[in-house]
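One structure is given here, and the rest of the page talks about it.
The values are calculated or read from the model by the stated rules, or taken from the named source; none is laboratory data. Everything quoted here is computed from the prediction, not taken from an experiment. Every residue, glycine among them, receives a Cβ derived from its backbone with ideal geometry; neighbour counts consider all protein chains shown. Only protein heavy atoms, including side chains, enter the accessible area calculation; ligands, DNA and RNA are left aside. Shrake-Rupley method; radii C 1.70, N 1.55, O 1.52, S 1.80 Å.
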Amino acid sequence: MTGQKTRSMILCALFAALIAAGAFLRIPIPVVPFTLQYLFTMLAGLLLGPRLGATAVGVYIVLGLAGLPVFTQGGGPGYIFQPTFGYIIGFALGAYLTGRIAHAQPRPSMLRLIVANLAGLAVVYACGMVYYYLISRFYLGDPIGLWPLFLYCFLMTVPGDLFLCAVGAILARRLIPLLQPMQGVISNE
């Protein structure tokens, strides 16, 4: 049991580090930068399962809110007032949902992996866009219209994220069998 807990902690730490690195691998576009964070949060859910995947993202969030500059624009508790913080919340929920859908089967098909990724992406965008709208309107006092919100927070970034969904499914399809020896650690957690 201790070996499984140790492996779980190592995998969560590894994915938290990958997500942090993904925040700095970015393409600057207006309003919401395109990063590789989603790829790593998605893979956390796909490879670690729902609970461990969401835990890995949770570790990343806690580190960022504690002050480590792991978010795209720094870190610290004040980051919750950044309009893009909703996407970070969405990463944790999306990793959970992605893992839940993918791990409903012991060896998920490519179609199941893609559906899981798209469902997780929908959660990330829903959380991110709603949070962006609410923070802009009620905290920053600089409301964003629905069309600019849709344009900058969805249309400009979704093509890259759809590509990441395909890449994540391909990687997961190849990596899940390699993690089978640790199935007790990752399945349906």
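Which value, in Å² and to the nearest 10, is the accessible area of residue 112 when all protein chains are kept and the probe is 1.4 Å?
Roll a 1.4 Å probe over it and residue 112 shows about 70 Å².
Give me the 1.4 Å probe accessible area per residue for the range 1-55, excluding ligands and nucleic acids, in Å².
Per residue, the range 1-55 has 46 Å² of solvent-accessible surface.
Can you tell me how much longer the chain between residue 140 and residue 162 gets when fully stretched, taken as 0.36 nm per residue apart minus their C-alpha distance, in nm with one decimal?
Taking 0.36 nm per residue and subtracting the Cα distance, the gain is 4.9 nm.
Output the 0 to 90 degree angle, nearest 10, between the alpha-carbon long axis of helix 50-65 and the longest principal axis computed from the alpha carbons of the chain.
Its long axis makes an angle of about 40 degrees.
Kindly provide the helix-only [θ] at 222 nm of the chain, computed as the sum of -39,500 (n - 2.57) over DSSP H runs of four or more divided by all residues, to the nearest 500 deg cm²/dmol?
Result for the chain: -21000 deg cm²/dmol, rounded to the nearest 500.
From the protein chains alone at 1.4 Å, what is the descending order of accessible area for 142, 161, largest first?
Reading off the accessible areas and sorting them downward yields 142, 161.
Just how much of residue 157 is accessible, in Å², when a 1.4 Å probe is used and the result is rounded to the nearest 10?
10 Å²
Using the Cα centre of the chain as the reference point, and only Cβ charges (+1 on K/R, -1 on D/E), how large is the resulting charge dipole? Debye, rounded to the nearest 20.
With Lys and Arg at +1 and Asp and Glu at -1, about 500 debye.
For helix 85-102, report the angle its Cα long axis makes with the longest principal axis of the Cα atoms of the chain; keep it between 0 and 90° and round to the nearest 10°.
30 degrees
Ignoring ligands, DNA and RNA, what percent of the 1.4 Å accessible area of the chain is carbon and sulfur?
The computed percentage sits at 72.
Given a 10 angstrom Cα cut-off, can you work out which residue in 58, 75, 141 is the most mobile in a GNM of the chain?
141
What FRET efficiency comes out for the pair residue 170/residue 130, r = Cβ-Cβ distance, R0 = 25 Å, nearest 0.05?
0.25
For the Cα atoms of the chain, what angle does the longest principal axis make with the long axis of helix 158-175, in degrees from 0 to 90, nearest 10?
Tilt relative to the chain: about 10 degrees.
Among 25, 113, 93, determine the one that fluctuates most according to a GNM of the chain built with springs between C-alpha atoms less than 10 Å apart.
Most flexible of the set in this elastic network: 25.
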